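Novice: Quick one: the structure is below, questions incoming.
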Amino acid sequence: MIIELPDTTVSAISKKLVSVREEGGAVALGRVLTLIIVTHHGAEEEVIEAANDASREHPMRVIAVLFGDEGEEPRLDAQIRVGGDAGASEVVVLRAHGAAASNAESLVTGLLLPDAPVVAWWPAQAPSDPSLSAIGRIAQRRITDASSQPDPTAWVAHLGEHYAPGDTDFAWTRVTRWREQLAAVLDQPPYEPVTSVEVSGSSDSPSTALLAAWLGLKLEAPVVYSYLPADEWSGGIKSVRLSRASGDTLLERPTPGVAVLTQPGQPTHELDFPRRTLRECLAEELRRLDPDVLYGRVLTQCTQLLRTLDERSDR
């Protein structure tokens, strides 16, 4: 069910939500959090659909805030989606025009679920310092996506300089499968220390540096990472090579979606490695609402790696 509320106010939207619940169309009980999505007109449907899918694992209230042009007449249009149009959540879409968009915090404060955590998500361009932004200040968790920024790899270095507990980025979430597979490899014999690590990825892959930083942090071994030209590889992380006394372990994607694991003295294994969807990334991040301490440490390490790479390129 979709309810349109043109030229409205936050108070009127809140009253309508109460009315919808009383009529039995939606139930607020059981909602575990409020997810605020900050995006722009025309880009909302894909991210709302991802939130609806994730809500089947994390029932929540979704507030999508869409900002128009500053020169428009001040106006707030809203839409409430419940039932089959909202998955296991209830969705409030706010379209703020002109001066109505000047105070983002006031737009959402009256619509938050009481005593429930708040998660903010910028699926496209994000504020330079998410934790200090109007929406970020009221959120316990703040999610950005480096891959959607104008310069993804530079954004990762920027994140390290402006990190605050509660921040995370989908560039980190997308390396989960790589981390799981590499950890599983090192849990098997031979139990030899890793002497060096090589990581390669596409030229616009922000996850490459984060994976390299994580490996360097955990293995305490020298790490080298490189970006491949777009005509050679254009799909995120390409390969990871772990060098040990008995030989090299190589986890490499010959084509997007498939990885091949090669280890000394063992048969080659072909693994399913598709790029993770928005729904999968969002659902994973919503499983924990406390600060990701490991991500903060990796981000600091990654920033140092990027600076080292810049210094080498300047020589």
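Novice: Name the pairs: first residue in the stretch 119-133 and farther than 20 Å from Leu278 by Cα, second residue surrounded by fewer than 19 Cβ atoms within 10 Å (Cβ to Cβ), Cβ to Cβ under 6 Å, at least 6 apart or on different chains?
Specialist: Pairs that qualify, where the first residue is farther than 20 Å from Leu278 by Cα and the partner is surrounded by fewer than 19 Cβ atoms within 10 Å (Cβ to Cβ), are Asp129/His162; Ser131/Ala164; Ser133/Pro127.
Novice: Any residue at all in the stretch 207-215 that is open to solvent by 80 Å² or more (accessible area, probe 1.4 Å), within 28 Å of Ala139 (Cα to Cα) and either touching a strand residue (DSSP E or B) at 6+ places or on another chain (Cβ under 7 Å) or outside any loop (DSSP other than H, G, I, E, B) (or both)?
Specialist: Step one: filter the stretch 207-215 for residues open to solvent by 80 Å² or more (accessible area, probe 1.4 Å), giving none.
The answer is no, given that none of the residues of the stretch 207-215 is open to solvent by 80 Å² or more (accessible area, probe 1.4 Å), within 28 Å of Ala139 (Cα to Cα) and either touching a strand residue (DSSP E or B) at 6+ places or on another chain (Cβ under 7 Å) or outside any loop (DSSP other than H, G, I, E, B) (or both).
Novice: Under 19 Å from the mean Cα position of the chain (by Cα), crowded, with 23+ Cβ neighbours inside 10 Å, at pLDDT below 95 and under 18 Å from Leu299 (Cα atoms): does that describe Ala154? Show your work before the answer.
Specialist: Working: under 19 Å from the mean Cα position of the chain (by Cα): yes; crowded, with 23+ Cβ neighbours inside 10 Å: no; at pLDDT below 95: yes; under 18 Å from Leu299 (Cα atoms): yes.
Against the criterion (under 19 Å from the mean Cα position of the chain (by Cα), crowded, with 23+ Cβ neighbours inside 10 Å, at pLDDT below 95 and under 18 Å from Leu299 (Cα atoms)), Ala154 does not qualify.
Novice: Quick one: Asp115 ticks every box in (1) closer than 23 Å to Gly68 by Cβ; (2) surrounded by fewer than 16 Cβ atoms within 10 Å (Cβ to Cβ); (3) not aliphatic (A, V, I, L, M) except a single one, so which number is it?
Specialist: Only one criterion is unmet by Asp115, namely (1).
Novice: Can I ask one more? Just the residues that are in a loop (DSSP other than H, G, I, E, B) and open to solvent by 50 Å² or more (accessible area, probe 1.4 Å), please, taken from the stretch 277-310. Explain how you work it out, then say what you get.
Specialist: Initially, the stretch 277-310 is screened for residues in a loop (DSSP other than H, G, I, E, B), giving 277, 286-292.
Correct list: Thr277, Arg287, Arg288, Leu289, Asp290, Pro291.
Novice: What is the number of the single condition among (1) more than 17 Å from Phe67 (Cβ to Cβ); (2) in contact with a strand residue (DSSP E or B) (Cβ under 8 Å, 6 or more places away or on another chain); (3) in contact (Cβ under 8 Å) with a residue 40 or more places away in the chain that Ser147 does not meet?
Specialist: The failed condition is (2).
Novice: Under 9 Å between Cβ atoms, at least 6 apart or on separate chains: pull out the pairs that start in the stretch 300-315 with a residue that is modelled with pLDDT of 60 or more and end on any residue that is among the charged types (D, E, K, R).
Specialist: What qualifies is Thr303/Glu161.
Novice: Restricting the search to the stretch 126-143, which residues are surrounded by fewer than 23 Cβ atoms within 10 Å (Cβ to Cβ), in contact with a strand residue (DSSP E or B) (Cβ under 8 Å, 6 or more places away or on another chain) and within 14 Å of Asp169 (Cβ to Cβ)?
Specialist: Ser131
Novice: Now for a separate question. Please find, within the stretch 179-201, the residue that is most open to solvent (accessible area, probe 1.4 Å) out of those that are assigned to a strand (DSSP E or B) and not hydroxyl-bearing (Ser, Thr, Tyr).
Specialist: Within the stretch 179-201, the subset assigned to a strand (DSSP E or B) is 196-201.
Still in the running and not hydroxyl-bearing (Ser, Thr, Tyr): 197-199, 201.
Numbers: Val197: 2, Glu198: 95, Val199: 4, Gly201: 0 Å².
Per the criteria, the residue is Glu198.
Novice: Something else now. It is to be established whether one or more residues within the stretch 26-35 are over 24 Å from Ala139 (Cβ atoms), in contact (Cβ under 8 Å) with a residue 40 or more places away in the chain and part of a strand (DSSP E or B).
Specialist: Within the stretch 26-35 (the criterion being over 24 Å from Ala139 (Cβ atoms), in contact (Cβ under 8 Å) with a residue 40 or more places away in the chain and part of a strand (DSSP E or B)), the answer is no, since none of the residues qualifies.
Novice: Since Leu242 meets every condition but one in (1) over 26 Å from the mean Cα position of the chain (by Cα); (2) closer than 30 Å to Ile138 by Cβ, which condition does it not meet?
Specialist: (2)
Novice: Out of all the residues in the stretch 46-90, which are farther than 20 Å from Pro123 by Cα, assigned to a helix (DSSP H, G or I) and either among the acidic types (Asp, Glu) or without any contact (Cβ under 8 Å) to a residue 40 or more places away in the chain (or both)?
Specialist: Scanning the stretch 46-90 gives a single hit, Asp85.
Novice: While we're looking at this one, here's another question. Filter the stretch 91-103 down to residues that are at pLDDT 90 or above and either open to solvent by less than 10 Å² (accessible area, probe 1.4 Å) or assigned to a helix (DSSP H, G or I) (or both), then give me how many there are.
Specialist: 5
Novice: While we're looking at this one, here's another question. Might you let me know whether the stretch 251-273 holds any residue that is crowded, with 20+ Cβ neighbours inside 10 Å and assigned to a loop (DSSP other than H, G, I, E, B)?
Specialist: So far as the stretch 251-273 goes, no, none of its residues is crowded, with 20+ Cβ neighbours inside 10 Å and assigned to a loop (DSSP other than H, G, I, E, B).
Novice: What is the one condition in (1) open to solvent by 10 Å² or more (accessible area, probe 1.4 Å); (2) in contact with a helix residue (DSSP H, G or I) (Cβ under 9 Å, 6 or more places away or on another chain) that Ser234 does not satisfy?
Specialist: Single failed check for Ser234: (2).
Novice: Restricting the stretch 221-239 to residues that are part of a loop (DSSP other than H, G, I, E, B) and under 27 Å from the mean Cα position of the chain (by Cα), which is modelled with the lowest pLDDT? Quick ask: steps written out before the conclusion?
Specialist: Of the stretch 221-239, the ones part of a loop (DSSP other than H, G, I, E, B) are 221-222, 229-236.
Within this subset, residues satisfying the condition of being under 27 Å from the mean Cα position of the chain (by Cα) are 229-236.
Values: Pro229: 93, Ala230: 90, Asp231: 92, Glu232: 93, Trp233: 94, Ser234: 86, Gly235: 82, Gly236: 92.
The residue in question is Gly235.
Novice: Of the residues that sit in the stretch 246-284 and are of a type in the set (Asp, Glu) and within 22 Å of Gly235 (Cβ to Cβ), which one is farthest from the chain's Cα centre (by Cα)? Before you say what the answer is, go through the steps one by one.
Specialist: Let us first name the residues in the stretch 246-284 that are of a type in the set (Asp, Glu), namely 248, 252, 270, 272, 280, 284.
Imposing the further condition that a residue be within 22 Å of Gly235 (Cβ to Cβ) reduces the set to 252, 270, 272, 280, 284.
On the way: Glu252: 24, Glu270: 27, Asp272: 21, Glu280: 10, Glu284: 9 Å.
Going through the qualifying residues, I end up with Glu270.
The values are calculated or read from the model by the stated rules, or taken from the named source; none is laboratory data. Model, not experiment: these values are computed from the prediction. Cβ atoms come from the backbone with ideal geometry, glycine included; neighbour counts cover every protein chain shown. Note: accessible area is taken over every heavy atom of the protein model, side chains too, but ligands, DNA and RNA are not part of it. Shrake-Rupley method; radii C 1.70, N 1.55, O 1.52, S 1.80 Å.
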